[in-house]
């Protein structure tokens, strides 16, 4: 029975050895095939080709071809015609699920453009002066020619306006009346412009002015006041009735906002030093007078008088003497009978003129516009919730401190309202900051309220960030390249630079295969194979180590029982540590933990 069991074990060992021998021969043949000089010279080229193909596949996988839209803002009729034309031409085409535009791959973009241009697609893109060149015939009426010219000007102006950075698309409508030969009867042309801005951009006032002047300069007899500009949201950007008033009102509003922001910044700056910026909110309303006043006054001072000039004249006369022809009576009235004799008579006249200069003052005053006539400031302070301890009840201080039964109750949040004195102080600070003037009607209001916590929008998860996803794709590609270099290029380069290492490995494998053949032959003859890990009789430890090295056999712990001396056991332990240092370290760590635990 023992002999039969021995034969069975020998046959099983022979079968295992036969299988191992076949595998070893197969590996030997494969190794010999790759050791041929021609194969070794061609291996780098094959590896480079494989790596290039793998890299290309990885790149295409992570960076799929992005399709470009051919046209934007065209009608659905043109989109359907373009889609059918590209399908008939076997050009890959897709429809954008968001905008619905027809898109093609970047490689087919220009080819598709040329194909559609040859077929006259899209029809809506044929504009500008192409309308004049198209379908010219002798029978075209003058009305049609004028309408085509008008449409051509509208298209050309729309194309020019769309070249502005913030504008995506534009439409222009012209109203050009028939001009008379008489200058006094000429009517001005008018225009309306509708602009479509890019998402996230705004059309500035300077851009609106540029559009107005460009349109006015392109059409004869058109003034800038006759042009209206409207955006895609229906907001009037410029018109004849509101152009100057709108600009003036806009400037006034900006000046008022600037003043309010200045005062609000002052209030928040001084209150945030002791209340905290997050605990206060302030708003300022300023009334500004934009009236421009010019006055001229002339003042006289009657107290300061000075004589400038003086003119005096005087005249005196008496009764005249005898007159007439001697011997004859003069033609004089008879003297009435009177007293004893006649008294002598005379007359005198005098005049005096004095000119005085009065002190005079002429004053010319001009008050500038934009004077603050009234300020209204409102300040809201948040309630401060602080955990203040309640008054202690009957009980010991120790119980009150520990919160035990019979001591003080547990501390609870109590609203700590600011006193009227503190509110008055805050109001005084605000008045001092804004330059409070009661004569002009300034008001300051300070109150307390409970602030509602602001809801913070949920941030997008970091792995959903488009930028991080792109970086992740690039890192994956780089990791694949590094893996290919370490697993493919490095062994090839090592074999090419150090052929002795590969040759020695081949010789060790050949020796192992030869030994397996001997074991197989012995098993077929009924011989029991020896355990290679057992120290043979008369064999030293160095000889066993040299015998096991080509086979790359592991040194087991059972070999310690077969060691001849203490030095051999120490050497075996050193070999175990060298072969499996991690396992030995775990054993040592377990010993140390056991000692510490005990």
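The values are calculated or read from the model by the stated rules, or taken from the named source; none is laboratory data. Keep in mind the model is a prediction, meaning the values are calculated, not measured. Heads up, the Cβs are rebuilt from the backbone with ideal geometry, glycines too, and the neighbour counts pull from every protein chain shown.
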Determine which single condition residue 270 fails, assuming it passes every other condition in (1) modelled with pLDDT under 85; (2) assigned to a helix (DSSP H, G or I).
(1)
Filter the stretch 330-354 down to residues that are outside any loop (DSSP other than H, G, I, E, B) and loosely packed, with under 10 Cβ neighbours inside 10 Å and give me whichever is modelled with the lowest pLDDT.
346
Mind checking which residues of the stretch 84-101 are touching a strand residue (DSSP E or B) at 6+ places or on another chain (Cβ under 6 Å) and closer than 25 Å to residue 155 by Cα?
101
With the checklist (1) under 28 Å from residue 169 (Cα atoms); (2) surrounded by fewer than 17 Cβ atoms within 10 Å (Cβ to Cβ); (3) at pLDDT below 85 in hand, flag the one item residue 238 doesn't pass.
(2)
Collect the residues in the stretch 463-491 that are at pLDDT below 75 and either in contact with a helix residue (DSSP H, G or I) (Cβ under 6 Å, 6 or more places away or on another chain) or part of a loop (DSSP other than H, G, I, E, B) (or both), keeping them in residue-number order.
465, 488
If you check residue 84 against the conditions, is it assigned to a helix (DSSP H, G or I) and at pLDDT below 65?
no
Residue list for the stretch 355-389, filter: modelled with pLDDT under 50 and surrounded by 12 or more Cβ atoms within 10 Å (Cβ to Cβ)
389
Has the stretch 443-458 got any residue that is in contact with a helix residue (DSSP H, G or I) (Cβ under 6 Å, 6 or more places away or on another chain) and at pLDDT 65 or above?
yes
For residue 173, are the conditions met, namely being touching a strand residue (DSSP E or B) at 6+ places or on another chain (Cβ under 7 Å) and part of a helix (DSSP H, G or I)?
no
Looking at this structure, is residue 286 over 13 Å from residue 430 (Cα atoms), touching a strand residue (DSSP E or B) at 6+ places or on another chain (Cβ under 9 Å) and part of a strand (DSSP E or B)?
yes
Give me the residue from the stretch 172-182 that is in contact (Cβ under 8 Å) with a residue 24 or more places away in the chain and either more than 19 Å from residue 230 (Cα to Cα) or within 30 Å of the chain's Cα centre (by Cα) (or both) and, out of that set, surrounded by the most Cβ atoms within 10 Å (Cβ to Cβ).
176
